[in-house]
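The values are calculated or read from the model by the stated rules, or taken from the named source; none is laboratory data. Worth saying up front: this structure is predicted, and the values here are computed from it rather than measured. Cβ sites come from the backbone with ideal geometry, for glycine too, and all protein chains shown count toward neighbours.
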Ligand code: AMP
Ligand code: MG
């Protein structure tokens, strides 16, 4: 079987794309990016990714977020303000399951490099430095927390790139920020099988919307036959363990889809009701025991086709 790319969700076919379009692949925002559009728009998207990396990177000492987290910067750009404000709404709606102040826990778990889980004492100490209730939006104060926009920045950036493309008159394009997909016009998108990530679970049609998947099989390490992944439950300080292994959210707003996929992953099946608060927003959940749960009419609306 042909190996699929790394992402949880991936564009398969761009329908009716103009002959002049090209696919540009590059690494940015800590992930593999793929843009299918006219050459000049690919150039613009690459520039925008570089610009936003200097704003939202948690690890680059030259980024705005690094200055906020570690150098006491309180003067925020409009981009950070916008993401912070929306994150605060999702924090409230999800009763704290989505919390972009989990940076101290993300730093501790550091699943990209760790091979052994942290101790309960270390988790407890990091948890004490998390909690969006400590953050003040106006005047801004991080309240001793470390902000982490890993669960929402790519959604915000995909929306910004899509808005630029539309303003330039684009009718067909696919913006794929490491599996955070936005389609202008129609494309077919595949969802990985979380139990066999080299295979597809299904595919569906995406038209003028974004699809984002959160899964436990993208970034993780294993220790003593237990998988430790990158989505954290702020209540316990441990990896989320809500009975779901994959959550895909489809919305006209990639920021909404990105925030909700993470929030629902932490909350479990009941979290699917979060979609009701947003217009034209749907979800497909895959449970650890192999069931599929969707918002009403999902299969018909997106012409979903099960595979494998
Ligand atoms: P995603 O892949 O969009 O679900 O986002 C996961 C990333 O968001 C992680 O790598 C962390 O950087 C961050 N994160 C982890 N847990 C949470 C959470 N409960 N709320 C908000 N952000 C989180
Ligand atoms: Mg997310």
(request) Go through region 102-145 and give me each residue that's assigned to a loop (DSSP other than H, G, I, E, B), surrounded by 13 or more Cβ atoms within 10 Å (Cβ to Cβ) and in contact (Cβ under 8 Å) with a residue 60 or more places away in the chain. (result) 111, 114, 117, 130, 131, 140, 142
(request) Return only the number of the condition from (1) crowded, with 19+ Cβ neighbours inside 10 Å; (2) in contact with a helix residue (DSSP H, G or I) (Cβ under 9 Å, 6 or more places away or on another chain) that residue 84 does not satisfy. (result) (2)
(request) Among residues belonging to region 185-218 that are within 26 Å of residue 46 (Cβ to Cβ) and free of Cβ contacts under 8 Å to residues at least 60 places away in the same chain, point out the one that is surrounded by the most Cβ atoms within 10 Å (Cβ to Cβ). (result) 210
(message) I need every pair where a residue in region 275-296 that is in contact (Cβ under 8 Å) with a residue 40 or more places away in the chain has its Cβ under 6 Å from the Cβ of a residue that is in a loop (DSSP other than H, G, I, E, B), sequence separation at least 6 or different chains.
(response) 280/252; 286/194; 287/243; 288/243
(request) For region 166-177, state whether one or more residues are under 15 Å from the mean Cα position of the chain (by Cα), under 16 Å from residue 78 (Cα atoms) and within 11 Å of ligand 1 (Cβ to nearest atom). (result) no
(request) Report, by residue number, each residue of region 243-260 that is buried (at least 24 other Cβ atoms within 10 Å of the Cβ) and without any contact (Cβ under 8 Å) to a residue 60 or more places away in the chain. (result) 244, 247, 249, 250, 251
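Of 151, 216, 167, which residue is within 15 Å of ligand 2 (Cβ to nearest atom) and modelled with pLDDT of 95 or more?
On the way: 216 fails: modelled with pLDDT of 95 or more; 167 fails: within 15 Å of ligand 2 (Cβ to nearest atom).
Answer to the selection: 151.
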